[in-house]
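K.L.:
Would you mind keeping the following structure in view while I ask a few things?
We did not get these values from a lab; they are worked out from the coordinates using the rules stated. Keep in mind it's a predicted model, so treat the numbers as computed, not measured. Every residue, glycine as well, gets a Cβ built from its backbone with ideal geometry; the counts of neighbours run over all protein chains shown.
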Number of protein chains: 2
Amino acid sequence: MDAAAIRKTERLLVIFFKRIPPPLVAHINRKFPEAEVTIYHSQKAVPVPRDIWQNATLVCTFTDLPDLEDAGNIKLIHTVSAGIDHFVHHPIIQNSTIPITTSSGIHGPPMAEWTVMNWLASARKFLHTREAQKQHIWGDPDEYMPTCTDQVGKKVGILGYGSIGRQIANVCAALGMTVHAYTASPRPTPASRRDTGYIVPGTGDADGTIPVSWHHGLDKASIHSFLSLGIDHLIISLPLTPQTTHLIGAEEFALLAANSTHPFSKPYLTNISRGKVIDQDALVQSLKSGELSGAALDVTDPEPLPADHPLWDAPGVQISPHVSSLGREYFPRSLDILRVNLDRMKKGEEFVNEYKRGKGY
Amino acid sequence: MDAAAIRKTERLLVIFFKRIPPPLVAHINRKFPEAEVTIYHSQKAVPVPRDIWQNATLVCTFTDLPDLEDAGNIKLIHTVSAGIDHFVHHPIIQNSTIPITTSSGIHGPPMAEWTVMNWLASARKFLHTREAQKQHIWGDPDEYMPTCTDQVGKKVGILGYGSIGRQIANVCAALGMTVHAYTASPRPTPASRRDTGYIVPGTGDADGTIPVSWHHGLDKASIHSFLSLGIDHLIISLPLTPQTTHLIGAEEFALLAANSTHPFSKPYLTNISRGKVIDQDALVQSLKSGELSGAALDVTDPEPLPADHPLWDAPGVQISPHVSSLGREYFPRSLDILRVNLDRMKKGEEFVNEYKRGKGY
């Protein structure tokens, strides 16, 4: 027990609404050898006991927060979610100065994998191949040569160039594609193009050097000029706001189709943000008419998508139930951020992913 | 007709064993505006008429070659295949000095896409998701969170670091993986690590800078030391030779499994070279025992794989019928090499991908 040799100077409270499996508990203990770790399984509408909060010096949580008077020993609160919308009005946020850090930045790798998996499976006849294997049938090259396509040279347009869009861009560049970035506000300088949040080591586009062009704006004209670049893959990676609700609909799909220059692939839509950013009825129409060749949708409007919704069977559509960021790495990776910040705290350095009170992010 | 304005100074003969579809014929004419293009559909055991050969100054072919006495006007022969094994004993190779160029280098992008598609689909429950969609079922996050895994941090070992292995490495690096390269002969210097053949623009690893370590050798001990690095993905991208036949079998799979350090993924095998490099019975055993978590196989022994072969249903195996390089880009991309070389010929520069008579490659 090497860990036993290290003096326990912190008391880490990990609160989650699911049971944390024993291997993950062991992982947490190994990762924070300087802390006595308490794992607490919270339940809806049942408050976490006050003495549990009072004892903690560090907290890792999803939805639970302490009352102000029980937070006296807490030096840092880390949340397992990407944002803090779900508790932005809590007194801990409003009336304390306890640093809060988010898990923003951990979603890029799985969501980039999910995106590219959908593209490749759709362009390289993956389901056809699996079906033949199931029947023990060795296929004919003629089933593949005239129909499979690859991604080299395709133009990718990413609406919302945050940590997720950046890792998608990184993989796209390696596949030989060119990336065009779109952001709400202008990013004219190298400094403005940098990703200053947490980045999973070895991934992303920290300096924003991958896009061959940058575009911006919140008005229709700016979006339309972006959609006229000749984009083969449009990726929606925007937050849902009143401005972005139904931002992409019939007119936008028509623009994509009209400006497509690829010799044999019509534009393809990927939505990993929120279903309501898309006019979903218009999407079904554009898939049926062939304006779009397909769509990978991890989000729909509403969720769950009703069983009788026409989107399920629209041509070329691949739907998953809002799971593109999920996997066994999710929780350990969130704890990586707490680990980094604990080390920074000891050195008196600024935290990464700290929520800036007053700025709202 | 812009092309008509250009003087036709060459006569390009394109011979293929399949009919070339009209859009591709148009593409060829656009690509070689300085040439009168003749498309010839060859048939097995029927020689191409002599006057067709005699007229040509440039030839693009797969299996057909002219007699020496009909090749008087030919300045360059480009073959659509990666090597020239299939006609190495032909008098044109043996007794002429007509430059021959190959299509080596065009297979990297589709084969890298095929490789990564198989990994991601297998690790992210793609078939499960498609099955649920077919039944209009919105899944539960709990089906994904505890079972999906991503590729970040995984170690990739590539046996045979040619143009295909290099593009796989390029995509792996973007996914956050680390790459270890293995070659037959040592590559100690930057010059020895370079890819000097044709590279599809925007892809590959021209300078050989992606691998974090390089290994080499033809003996068992060298291979075994490589397989002991803790490799999560072993990729077979070697030519089949007497030395590489059954190179990877029971002992090698056991070594991979014994040295695996990944917290929850056992080693995975990818074979894109030839089925006989693997001891296939041993592979079935290692998949059944759980030593390996799965295998993506574009090649088997024999091909076609007989319908009653146990490999079809081995756990975690994904088989495709030797099609990983195929797609609509295949032929146009091969012609890109001829285009490059035609431009080089005009400038008196060395050809790319030229077969070196006497050297045997």
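K.L.:
What does the copy distance list look like for residue B:147, label position 7 Å along Cα→Cβ, in nm and ordered from shortest?
P.N.:
2.8
K.L.:
Compare the peptides B:95-103, B:47-55 by average per-residue count of other Cβ atoms within 10 angstrom and give them in order, highest first.
P.N.:
B:95-103, B:47-55
K.L.:
Using only the Cα atoms of region A:108-319, what do you get for the radius of gyration and for Dmax, in Å?
P.N.:
17.3, 56
K.L.:
Next up: Non-local amide H neighbours of residue B:38 (under 5 Å, H modeled in plane, Pro and chain starts lacking H): which ones?
P.N.:
B:12, B:13, B:14
K.L.:
Output ³J(HN,Hα) for region B:181-188: one whole-Hz value per residue in order, computed from phi by the Karplus curve 6.51 cos²θ - 1.76 cosθ + 1.60 with θ = phi - 60°, and x for Gly and Pro.
P.N.:
After applying 6.51 cos²θ - 1.76 cosθ + 1.60, I find 9, 10, 10, 5, 9, x, 10, x Hz.
K.L.:
Please state the shape class of region B:34-99: rounded when a/c is under 1.5, otherwise prolate if a/b exceeds b/c and oblate if not, all from the C-alpha gyration tensor.
P.N.:
Rounded is the answer for region B:34-99, as its axis ratio a/c remains below 1.5.
K.L.:
Within a 10 angstrom radius of the beta carbon, how do A:252, B:303 rank from fewest other beta carbons to most?
P.N.:
Working: A:252 23, B:303 13.
Ranked by crowding around the Cβ, least crowded first: B:303, A:252.
K.L.:
Have a look at B:314, B:299, B:285 and report the one farthest towards the positive end of the charge dipole of region B:284-361, computed about the Cα centre with Cβ charges (Lys/Arg +1, Asp/Glu -1).
P.N.:
The residue sitting farthest along the positive end of the dipole is B:299.
K.L.:
Please state the shape class of region B:6-52: rounded when a/c is under 1.5, otherwise prolate if a/b exceeds b/c and oblate if not, all from the C-alpha gyration tensor.
P.N.:
Oblate shape, in that a/c is at least 1.5 and b/c is the bigger or equal ratio.
K.L.:
Label position 7 Å from Cα toward Cβ: report the copy-to-copy distances for residue A:281 in nm, one decimal, ordered from shortest.
P.N.:
6.5
K.L.:
Here's something else I'd like to know. Hey, how many Å between the Cα centroid of region B:10-77 and the Cα centroid of region A:95-120?
P.N.:
One Cα centre to the other: 54 Å.
K.L.:
Provide the percentage of antiparallel DSSP beta bridges, counting only those with both residues in region B:1-114; round to the nearest 5.
P.N.:
That works out to approximately 5 percent antiparallel.
K.L.:
Charges at C-beta only: +1 for Lys and Arg, -1 for Asp and Glu. How large is the resulting dipole of region B:240-360 about its Cα centre, in Debye rounded to 20?
P.N.:
Here the size comes out at about 700 debye.
K.L.:
Continuing with this model, one more query. Pick from B:222, B:293, B:325 the residue whose mean-square fluctuation is largest in a GNM of chain B, springs joining Cα atoms under 10 Å.
P.N.:
Looking only at B:222, B:293, B:325, the biggest GNM fluctuation is shown by B:222.
K.L.:
Something else about it: Order by neighbour count: A:331, A:264, fewest other Cβ atoms within 10 Å first, most last.
P.N.:
Fewest to most other Cβ atoms nearby, the residues stand as A:264, A:331.
K.L.:
Given a 10 angstrom Cα cut-off, can you work out which residue in A:137, A:28, A:106 is the most mobile in a GNM of chain A?
P.N.:
A:137
K.L.:
How many percent of the alpha carbon pairs in the protein assembly as shown exceed a separation of 45 Å?
P.N.:
Counting every Cα pair in the protein assembly as shown, those more than 45 Å apart make up 29 percent.
K.L.:
Can you give me the pair-distance distribution of chain A, C-alpha pairs, 20 Å bins, whole percents?
P.N.:
Distribution as computed: 26, 50, 22, 1 percent.
K.L.:
Another question, then. Would you work out which of A:161, A:114, A:60 lies farthest towards the positive end of the dipole of chain A? Charges go on Cβ: Lys and Arg +1, Asp and Glu -1.
P.N.:
Comparing the listed Cα positions along the dipole, A:60 ranks first.
K.L.:
Along Cα-to-Cβ, 7 Å out, sits the label point; list in nm, shortest first, how far the one on residue A:220 is from those in the other copies.
P.N.:
Those label-point separations list as 7.4 nm.
K.L.:
While we're here: Taking the axis that carries chain A onto chain B, what is the nearest Cβ in chain A, and at how many Å, to the whole number?
P.N.:
Here the value is A:174, 2.
K.L.:
Using Cα centres only, tell me the gap between region B:128-187 and region A:260-335 in whole Å.
P.N.:
So the separation of the two Cα centres works out to 22 Å.
K.L.:
How large are Rg and Dmax for region A:270-330 when only the alpha carbon atoms are used, in Å?
P.N.:
For region A:270-330, the Cα radius of gyration and maximum Cα-Cα distance read 11.8, 40 Å.
K.L.:
Taking every pair of distinct Cα atoms and averaging 1/r, then inverting, what Kirkwood hydrodynamic radius in Å comes out for region B:157-247?
P.N.:
13.4
K.L.:
Could you work out the relative contact order of region B:58-143? I mean the mean sequence separation of Cα pairs under 8 Å and 6+ apart, divided by the number of residues, in percent.
P.N.:
The value is 23 percent.
K.L.:
Rank A:140, A:336, A:219 by mean-square fluctuation in a GNM of chain A with C-alpha springs under 10 angstrom and give only the top-ranked residue.
P.N.:
Greatest mean-square fluctuation among the candidates belongs to A:140.
K.L.:
Indicate, rounded to the nearest 5 percent, the antiparallel portion of the DSSP beta bridges found entirely in chain B.
P.N.:
Looking only at bridges with both residues in chain B, the antiparallel portion is about 5 percent.
K.L.:
Amide H neighbours of residue A:296 under 5 Å, counting only residues 5+ apart in sequence or on other chains, H built in-plane at 1.01 Å?
P.N.:
Excluding prolines and chain starts, which carry no amide H, the hits are A:269, A:270, A:271, A:318.
K.L.:
Ok, one more. How large is the charge dipole for the protein assembly as shown, taken about the Cα centre, if only the Cβ atoms of Lys, Arg (+1) and Asp, Glu (-1) carry charge, to the nearest 20 debye?
P.N.:
Computed charge dipole of the protein assembly as shown: roughly 1180 debye.
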